[in-house]
Amino acid sequence: MEQSPLTHQPRPEVFKPKIVQLYEAIFKDEDNDDDAPVEKSEGFWREFFLLKPDRPSLRHILDEIGPNDLLQFDLQTRQLFARAVSALKTGHGVADFHALDTLSTFLVAVLGKKYNNPSSDIIDVLAGLDHIDTVFADFVGTLDSIVRNGRSLDLRQKAVEVTLAVTSGAYQTSLLTYFIQRDLFPAVMKFIQDADSPSRIMAPFTAIGLLANYNKFEFQNPYQMRLNDFVNEGTIRKIIRSVGHTCQTLRAQYIEVQDDLPEGWTLASTLSMIGLGAITPGGKPVKKPVYDADTVKKMFAQLPGQDAAILLATYDFTHANKLFCFNLVTLPAEKGEEQPFASFLSLTSYLLQHAHLSQRATHYAHLNLMVLRLLIEDPLLCKRMCSSSDEGSKAAVRLCRQRSPYLPLVQGERMLAAAVLDAMVDALNHNLRRRLDVGLYTLCVGILLRLISYLSRSRTRLQYHWAEMFRSLLSLVRFLTTYASDLKDISHIDTLLDHVVNLIAIGLSAGEAFLPTPAAYDDLFYKVVETGEVLIKFRDIYKLANRPSNSIDTLVNVSAHYKEMLADGGGAGEGKVASRKKLGTSSHLTSLQVAEVIKQGYETLSIQAKEGLDSWEKYREADERTLLKKMARAVVGDVKGLVGA
């Protein structure tokens, strides 16, 4: 190897930056002939934190070391961790910036390894059992101080990233108890309050979501209590705008795979939808590539992007805080932007159309549905979404149109409740499988039931394509009947069956209160009569008549009433327009003839619907304990991807 004329040292064949040489000096210890680790000097560490970190090289070196081998480097790893924390506390020059970058990469690599005994092994690597309380408490306290009062937003942002690295990497260990004991909530909210853009808020709000979910069913989590008590409306609004901004970004990833821009939408309006309303390109738009069906399916299966981790914190804040709920629904759009709640609804529709493609997508779809359920169960917010007299109750919501069948396209602003109905109906149409996701369908139909119960009680007539909703519900009945052998033993299927039956029964018994026209009411009866034989099979296969929790007899009796009238040629009583001769005794009647009979039948029809059809159980988080734990694990995986990128 050729010698350097200046240092007379062998020249390396490949140039290595000085910081990489220092990494190797820590973890390879090539200069030590006795193989005994040597503590590095003060000068070594001063130089170490003055040099700009080479994060990919540090990650590569650490990834090359197995978990058992890393335990043999415990003196080096403890030194690195302790010196990095010390550099954070002194805060001279660029040392604290470099220390945070180093810690972020170091912790992602160290905490991501599969140890035999995760908690104790990680403690050995970072500080040792005798010193972990002092060292880690000092570390968490230092992070808290920087996040709260760091000298710049960039420095504070890096401290948040380190917090995320620890929170996600050590989520299944006892290390997070230090973040529970030292409450970081005020510091994180102070940072959000000071943030200068929505993109800065995503990481700290996601961190709050993970910390609030840590063992929350096992003990009283202080972050949950903080969410409940938080009343700073300005900060809440900044968070909601960040959630809306993130939802737009996540939706754009779906659109990048398959552009579902419907006819009549302009490029300018679409740019506005994804938060780019301030720009309008003068040239021709770049044509997006068109992929084959298999490629599209694989690409959709990778979505939503890892930024979806913010949705867990959104759920927790919605569940805990009424002020957050109110602002989520009512916060208006900024000039040239999309209303945050419209963005949330839009993303939800994309998640629901593709929920069947992966367990992860299913979990996120469930999470957003639980947010919608909580909002709909609040009478004040439900009224805001349904009543045209309330300011801000209308918005333009871009709903997913990437898979047929398509619902009718509605351009421009409309009631938020109508957009919610569309998203739920789309979910019913696009996730039918023999291995039915009963939880997802129960949530969707439950949201429809709650919304329509409100419309019925308040006698609010909502302009909506109701025929599509009732068609989808009766198609679901046909599906449940056809594949009963695969479905009837699935856990909680009874709740779904009751919701479907009772929702249709509300339409029959109280449709006049919320359907906008008599024709919409007639159409529902027509559909029920048309499905009469299927309804009988449906009742018998699932033994619905034996359960008082549904009103299947209402559906069957309405169908039977009209079948009898049709068999009698429309009836012979006074005031009947049709005669047996006109309608004929066979079943070959035109739709107009049947519709005429339906109108006549109202005079002799008595709907004996059970009381309490429009009642429902209020959301209890404990009922969703298993799902929320799975959801937290999915979010941990996404955050690891974000901080390790």
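The values are calculated or read from the model by the stated rules, or taken from the named source; none is laboratory data. Worth saying up front: this structure is predicted, and the values here are computed from it rather than measured. Reconstructed Cβ throughout: ideal geometry from the backbone, glycine too, with neighbour counts over all protein chains shown. Quick note on the areas: whole protein, heavy atoms, side chains included, nothing else; ligands and nucleic acids left out. Shrake-Rupley method; radii C 1.70, N 1.55, O 1.52, S 1.80 Å.
Data for the structure
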{"item": "Potential lengthening between F15 and S388 on full extension [0.36 nm per residue; Cα-Cα distance subtracted]", "result": "127.4 nm"}
{"item": "With every protein chain in place, the stretch 139-246: carbon and sulfur % of accessible area (1.4 Å)", "result": "47"}
{"item": "Qualifying lysines (Cα of each under 18 Å from Cα of K537; at least 8 residues distant if same chain)", "result": "K488, K527, K563"}
{"item": "Relative contact order for the stretch 328-450, counting Cα pairs under 8 Å that sit 6 or more residues apart, in percent", "result": "30"}
{"item": "Sequence-separation-based contact order of the stretch 42-171, relative, with Cα cut under 8 Å and 6+ spacing, percent", "result": "29"}
{"item": "Whole-Hz ³J(HN,Hα) from phi, Karplus 6.51 cos²θ - 1.76 cosθ + 1.60, for the stretch 138-144, glycine and proline x", "result": "5, 4, 5, x, 5, 4, 4"}
{"item": "A545 paired with E39, simple spin-label distance in nm, labels 7 Å along Cα-to-beta-carbon", "result": "8.5"}
{"item": "Cα long-axis angle, helix 95-111 against the chain (0 to 90 degrees, to the nearest 10)", "result": "60"}
{"item": "Greater than 30 Å apart at Cα, pairs in K322/K629; K40/K89; K190/K394; K238/K383", "result": "K190/K394"}
{"item": "FRET efficiency, E512 to A137 (Cβ-Cβ, R0 51 Å, nearest 0.05)", "result": "0.20"}
{"item": "Computed label-point distance, nm, for sites R620 and I180 using a 7 Å Cα→Cβ extension", "result": "2.4"}
{"item": "Gained length - I490 relative to R459, 0.36 nm times residue gap less alpha-carbon distance", "result": "7.5 nm"}
{"item": "Within the chain, helix-based [θ] at 222 nm, where runs of 4 or more DSSP H residues each add -39,500 (n - 2.57), nearest 500", "result": "-20000 deg cm²/dmol"}
{"item": "Extended-chain gain in nm, criterion 0.36 nm per residue less alpha-carbon gap, K630 and T90", "result": "190.4 nm"}
{"item": "Förster-model FRET efficiency, 51 Å R0, Q220 and K537, C-beta, rounded to 0.05", "result": "0.55"}
{"item": "Accessible area in square angstrom per residue, the chain, 1.4 angstrom probe", "result": "45"}
{"item": "Anchor K113: aspartates and glutamates whose Cα lies under 17 Å away (excluding residues fewer than 8 positions away in-chain)", "result": "D63, E64, D69, D74, D121, D124, D638"}
{"item": "Dipole magnitude of the stretch 88-137, debye to nearest 20 (Cβ charges: Lys/Arg +1, Asp/Glu -1, about Cα centre)", "result": "160"}
{"item": "Over the chain, volume per residue of the alpha carbon convex hull, in Å³", "result": "206"}
{"item": "Point-to-point label distance, D196-L380, nm (Cα→Cβ direction, 7 Å offset)", "result": "3.6"}
{"item": "Residue (of G637, A313, S389) at the positive-pole extreme of the chain, dipole from beta-carbon charges", "result": "S389"}
{"item": "Relative contact order (%) - the chain, alpha-carbon pairs under 8 angstrom, separation at least six", "result": "10"}
{"item": "Span from the the stretch 295-334 Cα centroid across to the the stretch 71-113 one, whole angstrom", "result": "33"}
{"item": "E256 accessible area, assembled protein chains, probe 1.4 Å, Å²", "result": "100"}
